[in-house]
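> Sending over a structure as structure tokens; questions will come in a sec.
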Amino acid sequence: MTIADVRVLPYRLPLAEPVMWNSERREARDGLLFRVESIGGHVGWGDAAPLPGFSRESLAEAESTLRDLGAALVGREIDVGAGLPGGALAAALDAAGLPASVRFAVDLALLDLAALEVGRTPPQVLHPDPAVVLPLNGLVMGTGDAAVESALWLAKAGYVAVKLKVGRQRVAEDVALVRAVDEALPAAVALRLDANRAWSWDEAVAFAEGVDGVVLDYVEEPLAEPERMPELWHDTGLPLALDETLQEPGGGTAIRGWAEAAVLKPTLLGGVARTLALAAAARAAGVRPVLSAAFESGVGLRGIAALAAATGAEPAGLDTYRWLAADVLSPLPFDRARVDMPGLFASPPAVSIP
Ligand SMILES: O=C(O)CCC(=O)C1=CC=C[C@@H](O)[C@@H]1C(=O)O
Ligand SMILES: [Mg+2]
């Protein structure tokens, strides 16, 4: 196929409620859509949305890199699979060392385009038998009674897993919150926690002792000293998940049998091929790959859903969608606890920037 036109379209989406990123209160989410059109008239969409405090690149860096790349792609003749894992263009993009969010946008647009060219859906391009129904992980941001109520609301709405943020209050308060949520939730709903490296060793051990008897699906990145996670698992039995560790250079080597899950965020990891490689490494080590969002627009979330469906049917961290008060997609790519994958990809996305 020949690339006829490439556009970089900045967006700013209002958030339904403010979120703290990088110790700053944000009321909107900024990102860039990457639109790639082939001479046949097919259009592939990608999303570059650096997350403040988590991404290494700024939005301005992402935008200038994406514009340069777009200019270099126009007029090029590429094989349909060139941008996919193992493809010729993928190797050149690897060598370019692009910012993670930029690489995700490019990978996603080329995957979208490849799917249209061969008459399949993106998950079908990535896997011969992708998941048909994708369960989502419900996200709870607050603490106290409000958090217990949100968790209950999510369970009633049909979410099969709920993730609570911990490490933002005293350990005793976190223990009380986790116990209250555990009591309120039906046993079939998995309880996940995320401490974002907030705890010292002693705090993590005190937490593990405090929640003894509570069945946890896993705790993401409990320790300020992340290299001690295997020791924490060994000493306490707390099931642990890797997240931030995987985003660091060489972080994939941390995927070992002690970990329960690997949380994979393509926007922060650097695209489709890298995410799929980490998912394969996780499976090989007996670690569950859990695809997750970094508060992208519907275009990015649609792509992460494709990756999740191609790597299994673990409840995916796409509930960030509920934080967007407006989106670039209409209708919404999903608004429930489960995504009907064939439905999501039944037609090309209708994109417009609000
Ligand atoms: O993992 C999920 O279910 C949703 C995404 C999510 O919780 C996060 C995305 C990006 C940064 C953080 O706010 C947080 C995380 O650390 O996992
Ligand atoms: Mg996390």
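The values are calculated or read from the model by the stated rules, or taken from the named source; none is laboratory data. All of these numbers come straight from a predicted model, not from anything done at the bench. Please note: Cβ atoms are built from the backbone with ideal geometry, for glycine as well, and neighbour counts cover all protein chains shown. Please note that ligands, DNA and RNA were not included when accessible areas were found on the heavy atoms of the full protein model with its side chains. Shrake-Rupley method; radii C 1.70, N 1.55, O 1.52, S 1.80 Å.
> Antiparallel as a % of all DSSP beta bridges within the chain, to the nearest 5?
Given both bridge residues lie in the chain, the antiparallel proportion sits at roughly 55 percent.
> Compute, for the chain, the length of the dipole vector about the Cα centre, with Cβ point charges of +1 (Lys, Arg) and -1 (Asp, Glu) only. Units Debye, rounded to 20.
In debye, rounded to 20, the chain gives about 700.
> Under the 0.36 nm per residue contour assumption, what length would be gained going from the current alpha-carbon distance of Val214 and Glu149 to full extension?
Working: separation 65, 0.36 × 65 = 23.40 nm, distance 1.86 nm.
Stretched out fully, the Val214 to Glu149 stretch lengthens by 21.5 nm.
> Moving to a separate point now. Assuming R0 = 25 Å, can you tell me the calculated FRET efficiency for the pair Glu248 and Arg322, based on Cβ-Cβ distance, to the nearest 0.05?
On the way: r = 29 Å, r/R0 = 1.15.
After rounding, the FRET efficiency stands at 0.30.
> From the residues Trp323, Leu110, Gly237, which one has its Cα farthest along the dipole of the chain in the positive direction, the dipole being from +1 and -1 charges on Cβ of Lys/Arg and Asp/Glu about the Cα centre?
Value: Leu110.
> Right, here's the next one. Would you compute, from DSSP H runs of 4+ residues alone, the mean residue ellipticity of the chain at 222 nm, taking -39500 (n - 2.57) per run and dividing by the full residue count, rounded to the nearest 500?
Per the formula, -10500 deg cm²/dmol.
> Right, next: Rg (Å, one decimal) plus Dmax (Å, integer) for the alpha carbons of the range 3-119?
Every Cα atom of the range 3-119 included, Rg and Dmax give 15.1, 46 Å.
> Okay, next question. For the modelled label position 7 Å from the Cα of Glu57 along Cα-to-Cβ, which residues of the range 275-306 have backbone nitrogen atoms closer than 20 Å?
From the range 275-306, the list is 275-278, 292-305.
> Give me the extension gain from Glu77 to Leu332: residue separation times 0.36 nm, minus the current Cα-Cα distance, reported in nm with one decimal.
Result for the pair: 88.5 nm of gain on full extension.
> In degrees between 0 and 90, to the nearest 10, how far off the longest principal axis of the chain does helix 100-118 point, with axes built from Cα atoms?
Orientation of helix 100-118: about 60 degrees from the principal axis.
> Pop a pseudo-label 7 angstrom from the Cα along the beta-carbon direction at both Ala284 and Ser200 and give the gap in nm to one decimal.
Distance between label points: 3.9 nm.
> Shifting gears a bit: Output the 0 to 90 degree angle, nearest 10, between the alpha-carbon long axis of helix 298-310 and the longest principal axis computed from the alpha carbons of the chain.
Once rounded, the angle reads 80 degrees.
> Also, quick follow-up: Provide the descending list of Cα extents for the range 169-213 along its principal axes, expressed in whole angstroms.
Ordered largest first, the range 169-213 gives principal extents of 31, 18, 17 Å.
> I'd like the Karplus ³J(HN,Hα) series for the range 80-96: coefficients 6.51, -1.76, 1.60, θ = phi - 60°, whole numbers in Hz, and an x wherever there's a Gly or Pro.
Each residue of the range 80-96 in turn: 4, x, 4, x, 7, x, x, x, 5, 5, 4, 5, 5, 5, 4, 5, 6 Hz.
> Can you tell me how the range 303-350 classifies by the Cα gyration tensor, rounded, prolate or oblate, using a/c under 1.5 as the rounded cut?
Oblate is the answer for the range 303-350, as a/c is 1.5 or above yet b/c matches or exceeds a/b.
> Find, among the chymotrypsin sites (Phe, Trp or Tyr not before Pro) in the range 21-95, those assigned to loop by DSSP (not H, G, I, E, B) with at most 13 other beta-carbon atoms within 10 angstrom.
Filter output for the range 21-95: empty list.
> With the other protein chains left in place, how much accessible area per residue, in square angstrom, belongs to the chain at a 1.4 angstrom probe?
On the way: 14340 Å² over 354 residues.
Result: 41 Å² per residue.
> If you fit an axis through the alpha-carbon atoms of helix 59-73 and take the longest principal axis of the Cα set of the chain, what angle between them do you get, 0 to 90°, nearest 10?
30 degrees
> Based solely on C-alpha atoms, express the radius of gyration and the Dmax of the range 126-344 in angstrom.
Rg and Dmax of the range 126-344, Cα atoms, are 16.7, 49 Å.
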